[in-house]
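Quick notes on the structure that follows.
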Amino acid sequence: MVAKAKVSELGYIGFTTQNTDKWTNFLKEVTGMQVSDKADDGTVYMRIDERHHRFLIHPGEEEDVSYFGFLVKDEQELYGIAAQVEEAGITVTPGTKGDRESRNVLGMIKFNDPTGFPVEVFYGAQVAKTPYYASRESSGFKTENMGLGHGVIWTPDLMGSVRFYRDVMGLVISDGFVGRAFFMHCNPRHHSLALFQQRPGVNKRMNHFMVQYNEIDDVGLAYDIAEKRGDQFATTLGRHGNDQNVSFYVTNPSGWETECAWGARDVDDEVWQTEHYGGKGDPYWLHVRHANLEMGLGGQRQPQQSR
Ligand SMILES: [Fe+2]
């Protein structure tokens, strides 16, 4: 099956935490995001650009992701995705009025992917009435037509998940490492979604999300602020071989990771060919993983294909 309808960006990520204040401060202080809104149920909406929100922090028991929200261009495309998901044998639930109001969108559907991961697809994202102002000195985030950045989840069935997001949702494989990880795009951003094969000891669905700054100075500033705050770094500064971004990973208040990045290359589907990273050697200066962090891919030094 080749997907006719396609998602166009990773538009928002929702997650739950027992401490929304701690999370809000982390995103404001370390990343520079702006608080956009707060709902009566305690949900905090965070902005990084002209959109009303890109991240939704929901009060809850679990310290984990709740859903990914993928954007489609219009209502017809939403119907197209819904039909493809149904054709794949998955029940699609239309978003209720309450759902649409919660997400500030014109229309949406909800379903679980083949591994049970909650997915939302929407169109008509609300544009904020006021300009975006960073919470700290910042060059701003690179979003444009490329979505919020990227989200990475663990999956118990790597190739089953890859087939679903490729054949049903319309994403394209950027590169892959059989048995371990696949990176997928739906716009010029090298990957909006990455899938990691779940391994023993990993008990969350979320691995990390990445936000990309316009200037490298923001990565350095985020690093300095996280250090001063006493946040736990998951890796050192490094450059990935596949998307070629310069970044570091910091452990966020839920115990999974946030990647602050700059300088990723774009992909062009007219010429892009699936790549494969493997073999020995370190062609790029790499993120050195701090020891004993269960949410990471493990080990001290990961070759460039790891993210
Ligand atoms: Fe990443």
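All of the numbers you see were taken from the coordinates with simple rules; none came from a lab. Owing to the predicted nature of the structure, the values given are computational and were not obtained by experimental measurement. All Cβ positions, even for glycine, are placed from backbone atoms using ideal geometry, and neighbour counts span all protein chains on display.
For the stretch 99-163 versus the stretch 18-59, the inter-centroid distance based on Cα atoms is 14 Å.
Can you tell me the order of 194-201, 77-84 when each peptide is scored by its average per-residue count of other Cβ atoms within 10 angstrom, highest first?
Working: 194-201: 16.9, 77-84: 19.1.
Order by mean packing, descending: 77-84, 194-201.
Helical runs (DSSP H, four residues minimum) scored at -39500 (n - 2.57) apiece and divided by the length of the chain put the mean residue ellipticity at 222 nm at -5000 deg cm²/dmol. Mean separation of Cα pairs under 8 Å and 6 or more residues apart, divided by the residue count, gives the chain a relative contact order of 17 percent.
Among DSSP bridges having both ends in the chain, what percentage is antiparallel? Round to the nearest 5.
Details: 50 of 72 bridges.
Here the antiparallel bridges make up roughly 70 percent for the chain.
Were the residues from Asp217 through Arg136 laid out at 0.36 nm apart, the gain over their Cα-Cα distance would be 27.9 nm. In this structure, the amide hydrogen of Val288, modeled 1.01 Å from its nitrogen in the peptide plane, lies closer than 5 angstrom to those of Thr236, counting only residues at least 5 positions away or on a different chain.
All other residues whose Cβ lies under 12 angstrom from that of Asp224 are scored, Lys and Arg at +1 and Asp and Glu at -1, for a net of -3. Under 1.5 on a/c is rounded, so check that first for the stretch 224-288, then, if it is not, pick prolate when a/b is larger than b/c and oblate when it is not; a ≥ b ≥ c are the square roots of the alpha carbon gyration tensor eigenvalues. It is prolate, given that a/c is not under 1.5 and a/b is the larger ratio. Close amide H pairs (under 5 Å, H built 1.01 Å from N) link Tyr67 with Gly14, residues at least 5 positions away or on another chain. With 0.36 nm allotted per residue and the present C-alpha distance subtracted, the Thr96-Val2 stretch has 30.9 nm of extension available.
Here, the stretch 9-125 has an Rg and a Dmax of 14.6, 44 Å when only alpha carbons are counted. DSSP bridge analysis restricted to the stretch 9-125 gives an antiparallel fraction near 70%, rounded to the nearest 5. Among the lysines, select those whose C-alpha is under 30 Å from the C-alpha of Lys129, and discard any that sit fewer than 8 residues away in the same chain. List returned: Lys6, Lys22, Lys28, Lys38, Lys73, Lys97, Lys110, Lys142. Near the amide H of Gly95, within less than 5 Å, lie the amide hydrogens of Met108, Ile109, Lys110, all on another chain or at least 5 residues away, with H placed in the peptide plane.
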